[in-house]
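So the structure is just underneath, and the comments pick up after that.
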């Protein structure tokens, strides 16, 4: 295996102002009657990017994908693919292929006919089709299943046939609609990495729609978090997780504690926030909100420390409370701590040792503390 | 679980007697030696032999088969098209009216259908004969095809059509390479239904047929008015035999396919 890590790390065309996007949505709106599925959306996707559209059901992510495939026409705005406006091009003339959530395999055709279907439509010579189909079967490790019909395959095998079929024509862009939704957890995790390797190997642009944040975080170069037809944030998984731009994103991705308060002091790239829970948060903030304005403070459970002893400086970023609930998950333990103000916060601790000496117990009084760069300030 | 109670046995016997006694009698008397239909005089095949020498009956049978095959085929094409339009284009103006009108012949008394068709043919000066019967049969059997195909289309996964389009198939090729093969069983059973309806139609054929285009049911009916002959019994027995064979083959094939499919699926989920 070649090391994909280095390629990945250096791949960031979106930071280059001269890079030309491969796919551009420009002020795209899609209405179904009175319902606005996609609302004046502008989004750039780059060549060879693994891009994820993430959101709850009904947020417009599937509509966006279907517009890219050509099954829906935008009500307004334009979609540019490789320099060409594709709004008026029917799906069968677009250089994109889609892998469907239901796999949509042709039930009356064998695995190899399914994979060769797109090639036959292009009038490719028979020998070439056979060669390409064989190559695809090898790629998804289904060589011995070539003659089977879809109903003679397991769910995971069907998923791979669907993948092979959508890759057979070597599309410029592969669209994946909830590609792993129907697989069980173990298989899903394996397949995530297979998809990533495949995308690197083939050098294609992948656009995947998913409601599973873990899936998006694992696979994607960048994620667009969507809600009500709008993109709320587009960023790398790490940025989305560590620097959410809004309460919605912070809450949508992973677990988070949000503390509300008022900005009491700011300066030197730091602010102090008097929280409603009766203690002060001092934290780094890139563009600090004005003193006196309301703000939220978001901090992930794993960045909270739970200790019996008071931290060295208990005047900021520390609060007392009692253990309300303990959840043991194997790899880590989750504590629900009820602060003296009544608010319950979540803290998680990695179980780095097999046995913890004298662990904190239910109803014990503890300190919850965190560092100055552990959380993020939310202005809205 | 339940054992056969006396009541159950009586119900079954009564039911089957009610349904099949007339048919059994007909079959038995088709092998009767005597010319008298109600008096048994010994076993014989002679009415079958004379049936095949009865030119009138054989001609009528041939007309019926030709009308049936032609009418069923055209009705299947039209009915399938109507079913597609009704399930796919759900937002066109007048859809409700159209679907209501397609179904109307299902409940329309045959006498009315026949009479209205007769009036039409007379009005436009269309000479009655083979083609008018065929047209009339297309008209009334088409809606049955529509019903059968439409119910299949309602459970049709449209994403496979989208997949075909996505892979570069034009809408026409998508229809012939994906949609049609998948709904083929429903289309075929629609065709069979239309064929059956056409083969045993008497009322509409009587209204719309003309000289030289007498169908088998018409021929039988007119002969029976002159008195039942064992020849007719023989003809009916052959018809019953054909229908029975058809039904048995169809159900055995369905059953086999079902079993094969279940086996395949079990094999697939067992991992191999």
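The values are calculated or read from the model by the stated rules, or taken from the named source; none is laboratory data. If you're wondering where the values come from, they're calculated on a predicted model, not measured in any experiment. Note that each Cβ is placed from the backbone with ideal geometry, even for glycine, and that neighbours are counted across all protein chains shown.
Structure summary
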read-out	value
Residues of segment B:2-49 satisfying the condition of being touching a helix residue (DSSP H, G or I) at 6+ places or on another chain (Cβ under 6 Å) and either in a helix (DSSP H, G or I) or more than 30 Å from residue B:213 (Cα to Cα) (or both)	B:26, B:27, B:29, B:30, B:32, B:47, B:48
Of all residues making up segment A:68-95, the number that are within 13 Å of another protein chain (Cβ to nearest Cβ), under 26 Å from residue A:19 (Cα atoms) and either within 21 Å of the chain's Cα centre (by Cα) or surrounded by fewer than 18 Cβ atoms within 10 Å (Cβ to Cβ) (or both)	4
All positions within segment A:137-151 that are away from every other protein chain (no Cβ under 13 Å) and surrounded by 14 or more Cβ atoms within 10 Å (Cβ to Cβ)	A:137, A:139, A:140, A:146
Selection within segment B:237-267 - at pLDDT below 85, closer than 27 Å to residue B:28 by Cα and surrounded by 15 or more Cβ atoms within 10 Å (Cβ to Cβ)	B:239
Boolean, residue B:126 is in a loop (DSSP other than H, G, I, E, B) and in the same structural domain as residue B:183 (by TED's automatic domain parsing)	yes
All positions within segment B:178-204 that are more than 8 Å from chain A (Cβ to nearest Cβ) and over 23 Å from residue B:67 (Cα atoms)	B:179, B:180, B:183
Output for segment A:96-114, where each listed residue is more than 10 Å from every other protein chain (Cβ to nearest Cβ) and either over 19 Å from residue A:142 (Cβ atoms) or crowded, with 24+ Cβ neighbours inside 10 Å (or both)	A:111
Filtered residue count, segment A:289-304, keeping only those that are assigned to a loop (DSSP other than H, G, I, E, B) and crowded, with 16+ Cβ neighbours inside 10 Å	3
Output for segment A:115-131, where each listed residue is more than 9 Å from chain B (Cβ to nearest Cβ) and in contact with a helix residue (DSSP H, G or I) (Cβ under 6 Å, 6 or more places away or on another chain)	A:115, A:116, A:129
Filter pass, residue A:169 being outside any helix (DSSP H, G or I), crowded, with 18+ Cβ neighbours inside 10 Å, touching a helix residue (DSSP H, G or I) at 6+ places or on another chain (Cβ under 8 Å) and modelled with pLDDT of 90 or more	yes
Sole exception among (1) surrounded by fewer than 20 Cβ atoms within 10 Å (Cβ to Cβ); (2) under 18 Å from the mean Cα position of the chain (by Cα); (3) farther than 30 Å from residue A:123 by Cβ for residue A:20, by number	(2)
Filter pass, residue B:106 being touching a helix residue (DSSP H, G or I) at 6+ places or on another chain (Cβ under 8 Å) and in contact (Cβ under 8 Å) with a residue 60 or more places away in the chain	no
Total residues in segment A:314-353, condition out of contact with any strand residue (DSSP E or B) (no Cβ under 9 Å at 6 or more places or on another chain) and either in contact (Cβ under 8 Å) with a residue 40 or more places away in the chain or closer than 20 Å to residue A:376 by Cα (or both)	0
Failed criterion for residue B:243 (all others in (1) under 30 Å from residue B:87 (Cα atoms); (2) under 19 Å from the mean Cα position of the chain (by Cα); (3) in a helix (DSSP H, G or I) hold)	(1)
Given (1) in a helix (DSSP H, G or I); (2) surrounded by 19 or more Cβ atoms within 10 Å (Cβ to Cβ); (3) within 14 Å of chain A (Cβ to nearest Cβ), index of the condition residue B:175 fails	(2)
Among residues of segment A:169-197, those that are closer than 19 Å to residue A:133 by Cβ and free of Cβ contacts under 8 Å to residues at least 60 places away in the same chain, counted	1
Test set (1) at pLDDT 90 or above; (2) surrounded by 14 or more Cβ atoms within 10 Å (Cβ to Cβ); (3) within 21 Å of the chain's Cα centre (by Cα) - residue B:111 fails condition number	(2)
Segment B:196-205, residues that are part of a helix (DSSP H, G or I) and surrounded by fewer than 22 Cβ atoms within 10 Å (Cβ to Cβ)	B:196, B:197, B:203
Conditions (1) in contact with a strand residue (DSSP E or B) (Cβ under 9 Å, 6 or more places away or on another chain); (2) farther than 16 Å from residue A:52 by Cα: number failed by residue A:190	(1)
Qualifying residue in segment B:70-78 (condition: over 30 Å from residue B:161 (Cβ atoms) and assigned by TED's automatic domain parsing to the domain that holds residue B:146)	yes
